[in-house]
Every structure is written in structure tokens, then in C-alpha cells.
Amino acid sequence: MRPLEDYIVVDFSQFLSGPSAGLRLADLGARVIKIERPETGDICRHLYTSNVIMNGESSVFHAINRNKESFTADLKSEADRAHVWELVKKADVVMHNYRPGVMERLGFDYESVKAVNPDVIYAEISGYGNIGPWKDKPGQDLLLQSLTGLTWLSGNAGGPVPMGLSIIDMLAGTHLTQGILACLVRRSVKGEGALVQVSMLESAYDLQFEAVTTYYYDGLLPQRSETHNAHAYLGAPYGIYQTANGYMSLAMGSIPQLAQLLKCNALLPYSEVAQAFHQRDEIKAILAEHLKTGTTESWLAVLQPADIWCAEVLSWDTLMEQEGFKALEMVQKVTMKDGYQYRTTRCPIRMDGELLTSDIGSPALGQDTQSILKEIIS
């Protein structure tokens, strides 16, 4: 039995941040019922973030909404609203990721839901929180990366560079899940419901706790290295380097030791520990030219036995052929109700040594409406 079996989650959220939290709750055993608009549904069904269409809808929707049910309701219709209220009364968790004020206008805000379900865990994600001059801005990942200083940490010195994933969306979803689980534990002990609130803005700040703490200590903005930057606060050799046949990464390491192991005499003058940071651009430039003279495999064969932290840089096609990847069984095949099958990742959590897998794919729009209606009306 999974830990959240018999828990019901009524999920008004759409696109990425909220649905990512719903996905994790579903993986842990909860019954997650998506409330979707008739005809259009979750905007993620058709707001493509790639040119990949699977079974007529966005690949991202299928990835983030597996193992859920879809209930369509027009929240402007009194009959549909009444049905949703019946679901809300039965819910352990109600969640959404609308802008501040939207759920109040719809009538499904915390106070209204709490009035009919006092023990409910009501969870919400906003872009910028409910206070402050930014609260009504659109909570979009790239905009949040830009506003929170995150784009000044990636890439080489120069202009801002965003991360290549919707990292703030996913992180906010993770934080919401953590808050929900903590409140479910408290409810089991004290019988109390709760309001859990997460903003993408605060999640982005929390992601940078290390860098922000350093800034408050020394008052200096992070300075990325000119080339091969991988961390603004770490010295050479930290970065990714091209080799004769690919790329490899080097984490923290002694420059004198690298000089000896790589037979790179040009590194020998950099024998002081402080030089690894203050002269990192020079050191990285020397390393970059030297590592091009050998293959990734040849360098790893020298460095790894000496316990130097290094790795080959893999793309997905080569990664998925590695035994280290296959052994984890990270990919699962799921099936939609119409028989359409696709492969996607599984939950990364193991419990009692067992994988948390599920073969249930994403729901077609409204596929569970009638069965749920029979259940709540009977």
C-alpha cells in the first residue's frame, strides 16, 4: 500500500507548477482528480513547449499528468459548480495555481472551501505571492528566472543566461508537495486542516540560498569565469571541457595534481591554492587547450583512478545506452484509456526498496467525468 492511498486530491491547477505537485502526490498513492474546462481543458494540453504532439496533445501534458483523472466542469454553470462542491467536500487536499484573486472570484477560495470541509489541506502556488507590487504579474518561469537574479549564475561571463528547464515551476511544485505532506502529517496527529502557500518567486530565492548567503556576507555580485563556467563561486578546474572526441566535466581538484596527472607543464606555476580562484580564467584556458589533445576516455582513465572528480558529458541517446542508466529502470511505459502508449520517467522515490511505478497514462479530457458523477451522486 502506498502512503497516500485513500487520500483524494481535487486539483484546479494547470500547466506545470501545480500539476507537477499533483503528479508526485499521485505517485505516492493519492487519487488526483483534475478539474478542467470543457472543450479546452488544461492549457498545457495545447500550449506546446516543443514540436512534439502525442495522441493529439502536448508531450509535456502527457509527461506531467499521468496517473490522474480528468473531470470537466464549467465553473460558471451552477450545476457544474454543485458537482465540484461535492468533490471538494470529500477532498483531503484542494490545490490550484491561479493568480491571486481568481479562486475568490470563482468562489473556491480557502475560506469558502474550509467552510464546507474544515479539515481540508488547501494548497496554492502563485507567481509572486499575495502581497507586494508584483503580486499580479504572470507567473512564468523565464520571467521568474530573470527577476530573481538566477540568470546571472549560468553560462560564461557576460550577459544573463537562463537555465534550460522550467526549473522554478518544478521547484515550486516540489515545495508545495512538501508543505502538503507536512500538513497531512499534522492533520493525522492534531486533526487540523491548513492553508499551504508557495510562490514561484520565493522558490527561486530559496534555490539560490548558497549564493544569496555569500552575497550578504561579502556584498559582491557573483562573477562568472570567462570560459568554462559552471559555478560562479568555484575556482578552476570546475567546468566542462571539450576533448578530442567529446566533452568531459571536471569538478573540484588540485591544480598541481592535475598538472602531473595530465602531463600539462603549463599548469605547474599555479601551485598556490588561492590561484585556483583568482586566476581561474588563465588556468581554464590552459586546461581547455590541453584536453583537446586526448580523448575523453583517455583522460578519464588517468583521472578517475586518482580519485579526481570527473565525468563524461552524455547526451540522452548515449546516456540511455549506459548500464548505469538501465540499471535504475528510470523509464516506464504507460497506457491511456484509448490504448495509446508512451514512455516517460517514473517517480524517483523508492520505498522499502520498491520502485513507485504506474502504468496509467494521462487522462483524455473529461474521460472520468461520468464515472465520478455516478460516484458522488449515488
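We did not get these values from a lab; they are worked out from the coordinates using the rules stated. Please read these numbers as outputs of a predicted model, since none were measured by experiment. Positions of Cβ are backbone-derived with ideal geometry, glycine not excepted, and every protein chain shown enters the neighbour counts.
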Radius of gyration and maximum dimension Dmax of region 247-312, Cα, Å: 11.1, 30
Projected onto the charge dipole of the chain (unit charges on the beta-carbon of Lys, Arg, Asp and Glu, signs +1, +1, -1, -1), the Cα from Thr293, Leu261, Met330 with the largest positive-side position is that of Met330
Percent antiparallel among DSSP beta bridges with both residues in the chain, to the nearest 5? 40 percent
What is the dipole size for the chain, taken about its Cα centre, with +1 at each Lys and Arg Cβ and -1 at each Asp and Glu Cβ, in debye to the nearest 20? 220 debye
For the residue pair Phe209 and Val331, what label-to-label distance in nm results when each label sits 7 Å from Cα along the Cα-to-beta-carbon direction? 3.5 nm
Taking amide H atoms as placed 1.01 Å from N in the peptide plane, list the residues 5 or more away in sequence, or in a different chain, whose amide H sits under 5 Å from that of Asp368. Ser70
Output the pairs from Lys34/Lys333; Lys34/Lys190; Lys89/Lys337; Lys333/Lys374; Lys34/Lys114; Lys68/Lys89 with a Cα-Cα distance over 24 Å in this structure; if there are none, say none. Lys34/Lys190; Lys89/Lys337; Lys333/Lys374
Mean residue ellipticity (222 nm) of the chain, computed from DSSP H runs ≥ 4 via -39,500 (n - 2.57), nearest 500: -10500 deg cm²/dmol
Using θ = phi - 60° and the Karplus form 6.51 cos²θ - 1.76 cosθ + 1.60, what ³J(HN,Hα) does each residue of region 177-184 get, whole Hz, x for Gly and Pro? 4, 4, x, 4, 5, 4, 6, 5
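At R0 = 56 Å, how high is the FRET efficiency between Leu75 and Ala288 if r is their beta carbon distance? Nearest 0.05 is fine.
0.45
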Karplus-derived 3J(HN,Hα), 6.51/-1.76/1.60, for each residue of region 315-320, Hz, glycine and proline x: 8, 4, 5, 7, 4, 6
In the chain, if the dipole is taken from +1 on Lys/Arg beta carbons and -1 on Asp/Glu beta carbons about the Cα centre, which of Phe12, Ala63, Ser146 is farthest to the positive end? Phe12
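Please arrange Val52, Val161 by how many other C-beta atoms lie within 10 Å of their C-beta, fewest to most. Kindly include the intermediate steps, with their values, before the conclusion.
Details: Val52 10, Val161 16.
In increasing order of surrounding Cβ atoms, one gets Val52, Val161.
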Highest GNM mean-square fluctuation among Gly127, Gly155, Gly246, for the chain with Cα springs under 10 Å, belongs to Gly246
Treat the count of other C-beta atoms within 10 Å as a stand-in for reagent exposure and order Leu150, Leu314, Leu356 from fewest to most. Leu314, Leu356, Leu150
Using Cα positions and a limit of under 20 Å, work out the lysines in reach of Lys284, with same-chain residues fewer than 8 apart set aside. Lys263, Lys292
Under Karplus coefficients 6.51, -1.76 and 1.60, residue-wise ³J(HN,Hα) of region 341-346 in Hz, glycine/proline x: 10, 8, 9, 8, 7, 9
In a Gaussian network model of the chain with springs linking alpha carbons closer than 10 Å, the residue among Gly41, Gly22, Gly158 that fluctuates most is Gly158
How many angstrom separate the Cα center of region 166-183 from the Cα center of region 99-164? 12 Å
Label of the coordinate-derived value, Rg/Rh (Cα atoms, Kirkwood Rh), listed as (i) 0.97; (ii) 1.05; (iii) 1.43: (ii)
If you average the sequence gap of Cα pairs under 8 Å that are 6 or more apart and divide by the length of the chain, what percent do you get for the contact order? 17 percent
For region 149-273, rounded, prolate or oblate, judged on the Cα gyration tensor with a ≥ b ≥ c (square roots of eigenvalues), a/c < 1.5 rounded, else prolate if a/b > b/c? prolate
Roughly how many debye, to the nearest 20, is the charge dipole of region 247-312 about its Cα centre, given +1 on each Lys and Arg Cβ, -1 on each Asp and Glu Cβ, and no other charges? 80 debye
Given DSSP loops and a limit of at most 16 other Cβ atoms within 10 Å, what is the longest stretch of the chain that contains no such GluC sites (Glu not before Pro)? 40-191
